[in-house]
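Throughout, read-outs are computed from the coordinates displayed, never taken from laboratory work. Please read all numbers here as calculations on a predicted model, not as lab measurements. Neighbour counts are summed over all protein chains in view; Cβ atoms, including those assigned to glycine, are modelled from backbone coordinates with ideal geometry.
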Amino acid sequence: MNYDVLIPVIRKLALEAGDKIMEIYGQDDFDVKSKSDDSPVTAADEAADALISAGLRSAFPDVMLVTEEQAATHRTSGDTFLIVDPLDGTKEFVHRRGDFTVNIALVEGGVPTRGVVYAPAKGRMFFTQADGQSVEETGALDTDTMGDLTPIRVADSDNAALLVVASKSHRDQATDDYINKYSVKDMKSAGSSLKFCLIATGEADLYPRVGRTMEWDTAAGHAVLSGAGGKVVRFDDHTPLVYGKDGYANPFFIAYAPSVELKPA
């Protein structure tokens, strides 16, 4: 994969998908359907998926594509592929909480190496550059003209006063029990893959996820966090979280700044 070609394409597609999503978000009402696993899906998910999928298939016809909204892609297998969640945080979208993101990532050899996370309602855009360094783009976020780019880096954490981020829609007792093993200075809730990005920018130190996620939920955020010096490991044994697993389902995991001294599960 030529990263110099990839990055402008996925950045532009994420911004265009964000525009589609915000058009629907601004409507007085929109339909919410349920998928087979009872998770919600809206016209925004479907419109964003159609736009991103068409763009990626046109630009990279020889690269395997996995996307949440196309069940047929979930039956493919490989360790190198593009993976998309066109609207991560649909519950946040439906409840108009703003914490939803567009996610596009490249996985190579089971590792998310490049990705983009765009939160259109928050006006925040994070992506890995061709050299692998993660940045936050600020300014107008124009599809055709890149704005100011600020390199981002995980914090050098003080283990006596950690900043922890947890899911807004999936918080449970098991998560709280694990968080309570640490000396926590502050807790914040965030939806979608924004949690990875908050660690990448140093706004948080630790994100434990004791609950079901799929690879398209995490790959882009994982890539951004890795490009900022962070790590994502399995919850049970602290080995690296890998991609291309059967059915694209994740085990429980922990995303963190490497200066955090991880506690056992």
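Here PHE127, PHE100 are placed in order of increasing Cβ neighbour count within 10 Å, fewest first, which gives PHE127, PHE100. Only alpha carbons enter this Debye calculation for region 152-193, each as an equal point scatterer, and the log10 of I(q)/I(0) it gives at q = 0.24, 0.26, 0.27 Å⁻¹ is -0.92, -1.00, -1.04.
Filter the cross-link list LYS20/LYS188; LYS20/LYS195; LYS91/LYS122 down to pairs whose alpha-carbon distance in this structure exceeds 18 Å.
Over 18 Å Cα-Cα: LYS20/LYS188; LYS20/LYS195.
The share of C-alpha pairs in the chain whose separation exceeds 26 Å stands at 36 percent. Taken as Cα centroids, region 75-116 and region 184-208 sit 17 Å apart, rounded to the nearest whole angstrom. Here is what passes the span test in the chain: the DSSP H helices with alpha carbon length of 18 Å or more along the helix axis and a Kyte-Doolittle mean of -1.0 or above are 3-25, 43-59. Cα extents for region 162-256 along the principal axes, largest to smallest and rounded to whole angstrom: 37, 28, 24. In percent, rounded to a whole number, the relative contact order of the chain is 17, using alpha-carbon pairs under 8 Å and six or more apart. Mean separation of Cα pairs under 8 Å and 6 or more residues apart, divided by the residue count, gives region 137-265 a relative contact order of 27 percent.
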